[in-house]
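Enquirer: Take this structure first; my questions come after.
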Amino acid sequence: MSLAAGMERAVGGVIEKCARWLAYGGGVLLAGVAVMVVLSVIGRALDGFGLSPIRGDYELVQTGVGLAVFAFLPWCQYNRGHVSVDILITQFPRRGQAFFGLVGDILITLAAFVIAWRIWVGFGEKFPFGGDGLREALDMGSRPFFPETTYELAIPMWMPYGLGFLFSALFFLTALYTVWRSLNWTLLGREHLA
């Protein structure tokens, strides 16, 4: 017995592709940040020879690494890559192990919801556009008096917050899917079905 197993596999395929490609993008972003840091350090070391560090490198590292982390979360959740304590759980029968996996997925889903919600609130505080009615309907709060930007490069803060919200929303959707998948595994009495 399972809950819409065919639909679960179809939805899982879409979630898996989105999460995988977002993780690839996060890897490319992280590699780009690493290259930029190396070039900036070389520029600092050779400052007397006409080179210089990359302007705003600290801001770019903060933003890039933060977005990369959020890009990896859906893939990590899809593959159950989060930290778990298996020493006790492996002593239970398969159905018990599947149940503990379900409980873990439910807790991750709650955490993913809170993360997405708080990033949405932060996005609303930074986003300087939209009428009062639209902002109220989307629960974005009032429009900021001054659009916040980064110090050196003047990157509008709403942009990384917006991307972070999209990535965290995919994390939440992935976590919801994994609850469905884990529920089916629990009903069947085992995990990681082929």
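Enquirer: With θ set to phi - 60°, apply the Karplus curve 6.51 cos²θ - 1.76 cosθ + 1.60 along the range 166-173 and write out the HN-Hα couplings as whole Hz, x wherever there is a Gly or Pro.
Expert: 4, 5, 6, 5, 5, 4, 5, 5
Enquirer: How big is D, in µm² s⁻¹, for the range 49-194 by Stokes-Einstein at 10 °C and 1.306 mPa s if Rh is the Kirkwood radius over C-alpha pairs?
Expert: Working: Rh = 17.8 Å.
Once the numbers are plugged in, D ends up at 89 µm²/s.
Enquirer: Just to be sure I understand: if I project the alpha-carbon convex hull of the range 18-66 onto a plane and average over all orientations, what area do I get in nm²?
Expert: Result: 3.3 nm².
Enquirer: Sticking with this structure for a sec: Springs between alpha-carbon pairs under 10 angstrom, Gaussian network model over the chain: which of LEU39, LEU176, LEU60 fluctuates most?
Expert: Highest fluctuation of the listed residues: LEU39.
Enquirer: Calculated from DSSP H runs of 4 or more alone, at -39500 (n - 2.57) each and per residue, what is the 222 nm mean residue ellipticity of the chain, nearest 500? Working shown, then result.
Expert: Working: 6 runs with 137 residues, N = 194.
Result for the chain: -25000 deg cm²/dmol, rounded to the nearest 500.
Enquirer: Which of TYR58, GLY96, GLY81 sits farthest toward the positive end of the charge dipole of the range 39-194, with +1 on the Cβ of Lys and Arg and -1 on the Cβ of Asp and Glu?
Expert: Of the listed residues, the answer is GLY96.
Enquirer: Give me a comma-separated list of calculated 3J(HN,Hα) values for the range 101-114, in order, Karplus coefficients 6.51, -1.76, 1.60 applied at θ = phi - 60°, integers in Hz, x for any Gly or Pro.
Expert: x, 4, 4, x, 5, 5, 5, 5, 4, 4, 5, 5, 5, 4
Enquirer: Would you check the accessible area of CYS76, probe 1.4 Å, heavy atoms only, in square angstrom rounded to 10?
Expert: The accessible area comes out at roughly 40 Å².
Enquirer: Could you check how many percent of all C-alpha pairs in the range 119-194 are farther apart than 20 Å?
Expert: 51 percent
Enquirer: Accessible surface of GLU59 in the full protein assembly, 1.4 angstrom probe, to the nearest 10 Å²?
Expert: Here the accessible area works out near 20 Å².
Enquirer: Between MET157 and residues 5 or more places away or on another chain, which pairs have amide H atoms under 5 Å apart, with H built 1.01 Å from N, and which residues are they?
Expert: The answer is GLU148, THR149, THR150.
Enquirer: Hey, another quick one. With a sphere of radius 15 Å drawn around the Cβ of MET7, what net charge do the other residues whose Cβ falls strictly inside it have (Lys, Arg +1; Asp, Glu -1)?
Expert: On the way: positive: ARG9, ARG181; negative: GLU8, GLU16.
Local net charge: 0.
Enquirer: OK, next. How large is the accessible surface of PHE127 in square angstrom, using a 1.4 angstrom probe and rounding to the nearest 10?
Expert: About 40 Å², rounded to the nearest 10.
Enquirer: Tabulate in residue order the Karplus-calculated ³J(HN,Hα) for the range 46-57, using 6.51 cos²θ - 1.76 cosθ + 1.60 with θ = phi - 60°, rounded to whole Hz; enter x for Gly and Pro.
Expert: For the range 46-57, the Karplus curve yields 9, 4, x, 9, x, 9, 8, x, 6, 5, x, 4 Hz.
Enquirer: Okay, next question. If you count only protein heavy atoms with a 1.4 Å probe, what accessible area per residue comes out for the chain, rounded to a whole Å²?
Expert: Using a 1.4 Å probe on heavy atoms only, each residue of the chain averages 61 Å².
Enquirer: How large is the Kirkwood hydrodynamic radius of the range 149-189, counting all unique pairs of alpha carbons, in Å?
Expert: 12.5 Å
Enquirer: How many angstrom separate the Cα center of the range 12-36 from the Cα center of the range 139-162?
Expert: 25 Å
Enquirer: With springs connecting C-alpha atoms under 10 Å apart, model the chain as a Gaussian network and identify which of THR90, THR178, THR149 has the largest mean-square fluctuation.
Expert: Highest fluctuation among the options: THR90.
Enquirer: Moving to a separate point now. What is the set of long-range amide H partners of ILE54 at a cut-off below 5 Å, with H atoms built 1.01 Å from backbone N?
Expert: SER40
The values are calculated or read from the model by the stated rules, or taken from the named source; none is laboratory data. Bear in mind that the values here come from a model prediction, so they are computed numbers and not experimental data. When we count neighbours, we look across all protein chains shown, and the Cβ atoms used for this are built from the backbone with ideal geometry, even at glycine. The accessibility values were calculated without ligands, DNA or RNA, using every heavy atom of the protein model including side chains. Shrake-Rupley method; radii C 1.70, N 1.55, O 1.52, S 1.80 Å.
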